[in-house]
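Working notes for the structure below.
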Amino acid sequence: MADRVTVIGWDGSPLTAAARSALSAATLVAGAAHHLALPEVPAHAERIRLGSVDLAARRIASHRGTAVVLADGDPGFFGVVRTLRAPQHGLEVEVVPAVSSVAAAFARAGMPWDDAQIVVAHRRTLRRAVNVCRAHPKVAVLTSPGAGPAELALLLDGIHRTFVICEELGTEREQVTVLTSDKVADHTWRDPNVVIVIGGAATTAGGGWMAGREPDHPSKVRGWALPREEQRRQPAEGESAQLRAVQLARLGPRPGDLVWDIGCGSGELAADAAGFGAAVIAVDDDPAACIRTDAAARRRGVLLQTVRGRAPHVLERLPEPDIVRIGGGGVPVVGACADRRPERIVTHASTRDQAEAIGTALADGGYAVECALLQSVELDPVDWSERERSVVFLISATLVRREGGVPRP
């Protein structure tokens, strides 16, 4: 095992005395090509080009001597420290930090970043990173080859954002470019880069108290799936607060998800889903429903996209969903949604025959189906008389994945 492992962050500025001291004593140095070219790297030291951090950690663990790992920015922030400290490697790690690339990017842009979401985009996580950019007004994206500014912009098709693209921060080739998202894919961008994605809503002037969150305004109503009186409208079929609450519980929207709300109606469920941090596309053929949904989003202080069109045809041009709520349309819409293979689909029916038809379509589409009959009675708290009664069938379905021939929800 290496006698000592020091991880040195590098942000382009001169190395600190502690970093120079660790490097001068190193018998093994791991890092990217531009790190290994630094004049402070001892000529006698073994050099490892850092590709897979896990493989490098195994090599370091078997090395007898003093090892140094060089990494861009703060190596403890989405960096190599987590892998090096994994129990299987048994390494004791000291860290000499530097300014993170995210902090440097926001500094170049002259913007605060305590209210920003920060995501890592690899090929396997690119879609989820894009969904965060859909759902939040300020996002920093740590990119990688194949999941860079152009790919982000292409997947944000139809969503207007401003990109601040910071290339090769801390080097002589550092460049900061500001473009609207529709222009980003027309360029070739150098790695490494950090992208700040901004837009969709004005940020609150005052600071918050928790990093990564927009400050809540004191007048903001607390709660979700609120009663219809909040909007002073009569509930339509399938729009009761109780049904929306259970549907949200079954859907479980979370950051990185893309939610389809088909037949969004009042827009309240779409706004609630966005409030949990998910990206939401709300679809309705009624222009008034789209207007109500935009108003609900403004009331909640969330971002979502409304699309006017009739399902199932309008669904063909939408990006792939993670979860889907269907407010109407019956079996044809249910079948079209199931064809896109979201993880969960939740809908409702007013009769048992409708519920059976929908459940059969979902089961035939490869989903495990649950159905419950929900009844709620709203009472007047003055005389405890019945105001309204609602009876509806709730259908929730989970995609069945087969592992080793065994179906698993």
**Asked** What fraction of the Cα pairs in the stretch 325-391, stated in percent, has a spacing above 13 angstrom?
**Response** 67 percent
**Request:** Could you please state how large a percent of the accessible area of the chain is carbon and sulfur, counting protein chains only and using a 1.4 Å probe?
**Result:** 52 percent
**Message:** Under a Cβ-only charge scheme (Lys and Arg +1, Asp and Glu -1), can you give me the dipole magnitude of the chain about the Cα centre, in debye to the nearest 20?
**Reply:** 680 debye
**Asked** In square nanometres, what is the average projected area of the Cα convex hull of the stretch 257-391?
**Response** 9.2 nm²
**Message:** If each residue of separation counts as 0.36 nm, what is the full-extension length gain between Leu374 and Ala32 once their alpha-carbon separation is subtracted?
**Reply:** 117.2 nm
**Prompt:** Over the heavy atoms of Leu318, what accessible area does a 1.4 Å probe trace out, to the nearest 10 Å²?
**Reply:** 10 Å²
**Complete:** With the 8 Å Cα cutoff and a minimum separation of six or more residues, the chain has a relative contact order in percent of 10 percent
**Asked** By how many degrees, 0 to 90 and rounded to 10, does the Cα axis of helix 126-135 deviate from the longest principal axis of the chain?
**Response** 60 degrees
**Item:** Positive-pole candidate from Ile159, Ser144, Gly90, dipole of the stretch 58-199, charges at beta carbon
**Value:** Gly90
**Request:** Subtract the Cα-Cα distance of Glu388 and His160 from 0.36 nm times their separation in residues, and report this length gain in nm to one decimal.
**Result:** 77.9 nm
**Complete:** With the 1.4 Å probe rolled over protein heavy atoms, the stretch 1-107 has an accessible area per residue in Å² of 48 Å²
**Dipole of the chain, positive direction: furthest Cα of Ile198, Gly65, Leu23, with charges on the beta-carbon** = Gly65
**Fill in**
When the charge dipole of the chain is computed with +1 on Lys and Arg Cβ and -1 on Asp and Glu Cβ about the Cα centre, the Cα farthest towards its positive end, among Ala397, Gln117, Ala288, belongs to Gln117
**Request:** Assign unit charges at the C-beta atoms only (+1 for Lys and Arg, -1 for Asp and Glu), then state the dipole size of the stretch 38-78 relative to its Cα centre in Debye, rounded to the nearest 20.
**Result:** 280 debye
**Request:** Starting from one equal scatterer on each C-alpha and no solvent at all, send me the Debye-based log10 I(q)/I(0) for the stretch 296-349 at q = 0.13, 0.20, 0.26 Å⁻¹, two decimals.
**Result:** -0.36, -0.79, -1.13
**Item:** the stretch 1-130: Cα Rg divided by the 2.2 N^0.38 Å rule of thumb
**Value:** 1.11
**Message:** Regarding the chain, what's the average projected area of the Cα-atom convex hull, expressed in nm²?
**Reply:** 24.7 nm²
**Asked** If you place +1 on the Cβ of every Lys and Arg and -1 on the Cβ of every Asp and Glu, how big does the dipole about the Cα centre of the stretch 294-409 come out, in debye to the nearest 20?
**Response** 520 debye
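The values are calculated or read from the model by the stated rules, or taken from the named source; none is laboratory data. Predicted model only: the values in this text are computed from it and were never measured. So basically every Cβ, Gly included, is an ideal-geometry build from the backbone, and we count neighbours across all protein chains shown. Ligands, DNA and RNA are excluded from the accessible area calculation, which covers all protein heavy atoms including side chains. Shrake-Rupley method; radii C 1.70, N 1.55, O 1.52, S 1.80 Å.
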